[in-house]
2 protein chains.
Amino acid sequence: MTTIKDVAREVGVHPSTVSRALDPARRGRIGEPVVRRILEAAERLGYRPDTVAASLRSGRSNMVGIIVPDIANPVFSPIIGGLEDVLSARGYALIVADPQPQRTGTDDIVQRLVARRVDGLVLANVALKDNSIERCLSWKVPVVLVNRAEAEARVPSVVSDDVAGMRLAVAHLLELGHRHILHLAGPQMLSTGSLRRRGFLEAMHEAGFAPADNDIEEAEAFTREAGHAAALRLLARQPEATAIVAANDLLALGIYEALRETGRRCPEDLSVIGHNDMPLVDLVDPPLSTIRISHREMGEQTGQLMLDLIEGVRGDVPYVVTAPLLVVRRSTQPPRISR
Amino acid sequence: MTTIKDVAREVGVHPSTVSRALDPARRGRIGEPVVRRILEAAERLGYRPDTVAASLRSGRSNMVGIIVPDIANPVFSPIIGGLEDVLSARGYALIVADPQPQRTGTDDIVQRLVARRVDGLVLANVALKDNSIERCLSWKVPVVLVNRAEAEARVPSVVSDDVAGMRLAVAHLLELGHRHILHLAGPQMLSTGSLRRRGFLEAMHEAGFAPADNDIEEAEAFTREAGHAAALRLLARQPEATAIVAANDLLALGIYEALRETGRRCPEDLSVIGHNDMPLVDLVDPPLSTIRISHREMGEQTGQLMLDLIEGVRGDVPYVVTAPLLVVRRSTQPPRISR
DNA sequence: ACATTTAGTGCAATCGATTGCGCAAGTCAA
DNA sequence: TTGACTTGCGCAATCGATTGCACTAAATGT
């Protein structure tokens, strides 16, 4: 490994001069010819500055961490991708951490990342309440939330407009002629779960309907299995409903299974609409109508926000909201008996 | 931030003593009561050793990097998940990098990661030929390949048994009574693409069949679109075939689209079998028969291998091969006209 | 009683880069 | 010619932990 001293010796200057010449921002203070010789020598010797040493001295690590509940989850992986993309373009490395609930809590992960001197932390874990935010705040490490909002907006966040998304879904079903619309909600401890439920209620009220408590059922988790179970409960309770809006595509697919088991057909007997437009839902049977969210774009926005924060470009608490899009496929159609 | 000196001063010992007392491995050299007081003080002051400083001195960073072509790809994301899991359990952080072809090559990424002093590198990028391996070898940084093999086994790798997988697929179709079986191959520059093609050929030969060149068509990429296009070409050329084995689920889904366009039905007119068993292929229409590969498990094995390598437990070049599993769903059935 | 371990801890160098400060030479104006 | 700047670069401290070596005191051996 060639160090900065090797380069300095080769050129016949002091290491500090090499350090400055190699940094475009401070190169100006060094003479033109010297810079050229340093650049050439660095190239020739294959010099790569040791990031670790630089971090120790400068206090900046050029790393940001992201904490996600499940890396393989189709909503989080594109977020990570988009984030990595804009971060790496600016020389930052992304370290991903996935808290294993049984082993170590989010808090511990935060500590470990902070001990690694990350320049910023992205929290994608959707629990509505946990004190990792306080932890970060107290350590003064820049934080941005993604796919999750906080009640009191203390830290920047990037979310999709869940309320608008639900409004889109509800409006679509109403337009088709549905009147009795159910909601299969996600876990209310999760930000998306409660926001979408609220969005559903708002949209219905705006349209002049007041859903009963009975019209909403909460799934234990954002999974097909949980969706399946919850759908069974909901459908048994409200068999005469003609449409159901799920808080999530996975839940919608769970509804599919429940329908199949109870001998009902989608969309003939019941229209179903999901949320997220995750990969392949256009190929299931029937192709799922849903609300498209560009998670990759959210990841990119998160990265941009983080960079601004780290570089101190902005002091406010930005709150980026991305616009959802209605995607109509074949799981929604007018109700059979219009009233 | 409390440093090791703060703890040392608090207890009234030398920083080096604190360092030793905090490391379970070398704690033995320190007196029992002193250790206790140090532990207590460290806890009380909320001391967290600065990983960066430790790395600089010790040369170990407790980080490993993984280079993947696409983080959001359903085959790579579980690999990352499994890897992160076993790595973080041992105190290692995982940094993921995704080479943007247009911006910076894999080589550059490798350099950047090495400059960060990663203790090991996982290469998941499937290109059959690139010199990043040489790069790593010359820098003596432990490397393990995942989902990709090398012709000459210089470095450890974790792959699924592609040949066995194809044998499973072919055997299944033969058992159903198919005789004219096609192969929709993946890009031959990619390890999985060429291995699976070879697996197909071997399996067919073993069964006493000799596929013609015409029976195989190569897709440009492992995507639905490429699969669609290639399937169109293949089906036009061999309309009388009764089954087709795809190198990948995505390609199989592309075949679905091609069938729909040309008015054929699966499985009535043509049986289709995929490879990977990615999420949701059990819900498409018709549910896809495929070869299941546990990518998460591969990720875990990769992590274990990497740890062994880093800790110098093994000097050989292990070559882990995971066993594939046949998953029969509804896209395969006996050919209509049995001969 | 003296030599020799052994256990327990301190000292100071070290990892490789960054950075505030200082110094010398050159520029310019008075 | 001198004083005031500017430009270009070197010096040495510094970041926080690790580690080989040295050293002291107690324990053990002969």
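The values are calculated or read from the model by the stated rules, or taken from the named source; none is laboratory data. Keep in mind it's a predicted model, so treat the numbers as computed, not measured. Please note: Cβ atoms are built from the backbone with ideal geometry, for glycine as well, and neighbour counts cover all protein chains shown. The protein model used for the area step is the full one, side chains on, heavy atoms only, and it has no ligands, DNA or RNA in it. Shrake-Rupley method; radii C 1.70, N 1.55, O 1.52, S 1.80 Å.
Things worth noting here:
- Solvent-accessible area per residue, Å², over region B:162-293 with all protein chains present [probe radius 1.4 Å]: 35 Å²
- Axis-nearest residue of B (beta carbon) for the B-onto-A rotation, whole Å: B:Asp285, 2
- At least 10 Å² accessible surface lost relative to isolated chain, residues of region A:271-290 (1.4 Å probe): A:Met278, A:Leu280, A:Asp282, A:Leu283, A:Val284, A:Asp285
- Counting only Cβ charges, +1 for Lys and Arg and -1 for Asp and Glu, the dipole size of the protein assembly as shown around its Cα centre is about 1940 debye.
- Three-way shape label, region A:74-141, alpha-carbon gyration tensor, a/c 1.5: oblate
- Tilt relative to chain B, helix B:224-237 - C-alpha long axis, 0 to 90 degrees, to 10: 30 degrees
- Of all accessible heavy-atom area on region B:4-49, the percent that carbon and sulfur account for (1.4 Å): 51 percent
- Chain B - percent relative contact order, Cα under 8 Å, separation 6 or more: 17 percent
- Between this copy and the others, label points of A:Glu220 are 4.7 nm apart in ascending order, each placed 7 angstrom from Cα in the Cβ direction.
- Rg/Rh for chain B, where both radii come from Cα atoms and Rh is the Kirkwood radius: 1.14
- Across region B:4-49, the mean sequence separation of Cα contacts (distance under 8 Å, 6 or more residues apart), normalised by length, yields a relative contact order of 40 percent.
- Three-way shape label, region A:162-293, alpha-carbon gyration tensor, a/c 1.5: rounded
- Over region A:164-254, Cα pairs under 8 Å with separation of 6+ residues give a relative contact order of 37 percent.
- Inter-part distance where region B:178-240 and region A:11-35 are each reduced to a Cα centre, Å: 57 Å
- Accessible surface calculations at 1.4 Å, restricted to protein heavy atoms, place region B:4-49 at 66 Å² per residue.
- Within straight-line reach of B:Lys140, meaning a Cα separation under 13 Å, sit the following aspartates and glutamates at least 8 residues removed in sequence or on another chain: B:Asp119.
- Size of the B/A contact, given as accessible area buried on both chains, probe 1.4 Å, in Å²: 4500 Å²
- Percent accessible area from carbon and sulfur atoms, region A:162-293, protein chains only, probe 1.4 Å: 52 percent
- Listed residue (A:Thr104, A:Met204, A:Val272) projecting farthest to the positive dipole end of chain A, Cβ model: A:Thr104
- Accessible area, probe 1.4 Å, largest first, for residues A:Leu121, B:Leu232: B:Leu232, A:Leu121
- Each residue, B:Glu152 and B:Arg233, gets one label point 7 Å from its Cα in the Cβ direction; the gap between the two is 3.3 nm.
- Nearest-ten-degree value, helix A:249-261 long axis tilted from longest Cα axis of chain A: 30 degrees
- Taking all protein chains together, B:His180, A:His14 sort by accessible area into A:His14, B:His180, largest first [probe 1.4 Å].
- Accessible surface ranking that places the most exposed of A:Thr17, A:Thr290 first, with a 1.4 angstrom probe: A:Thr17, A:Thr290
- Accessible-area value, A:Glu225, 1.4 Å probe, nucleic acids and ligands omitted, Å²: 120 Å²
- Surface accessible to a 1.4 Å probe, A:Trp139 within the full protein complex, Å²: 80 Å²
- Label-point separation in nm, A:Arg314 to A:Arg90, each point 7 Å along Cα→Cβ: 1.1 nm
- For chain B, a crude dipole built from +1 on the beta carbon of Lys and Arg and -1 on the beta carbon of Asp and Glu, taken about the Cα centre, is about 1100 debye to the nearest 20.
- Inter-copy label distances at A:Gly12, shortest first and taken from points set 7 Å along Cα to Cβ: 5.8 nm.
- B:Lys5 paired with A:His14, simple spin-label distance in nm, labels 7 Å along Cα-to-beta-carbon: 2.3 nm
- A:Leu137 accessible area, assembled protein chains, probe 1.4 Å, Å²: 70 Å²
- Sum of side-chain charges, B:Val317 neighbourhood, beta-carbon under 14 Å (Lys, Arg +1; Asp, Glu -1): -2
- Reduced Cα scattering model of the protein assembly as shown, Debye log10 I(q)/I(0), q = 0.05, 0.09, 0.11 Å⁻¹: -0.29, -0.88, -1.20
- Position B:Arg198, label points 7 Å along Cα→Cβ, spacing to each other copy in nm (shortest first, one decimal): 5.8
- Distance between the C-alpha centres of region A:52-100 and region A:283-339: 21 Å, rounded to the whole angstrom.
- Contact residues in region A:67-83 by the 40 Å² criterion (accessible area, 1.4 Å probe, full protein complex versus chain alone): A:Ile71, A:Ala72, A:Ser77.
- For region A:179-321, size of Cβ-based charge dipole, Lys and Arg +1, Asp and Glu -1, in debye: 220 debye
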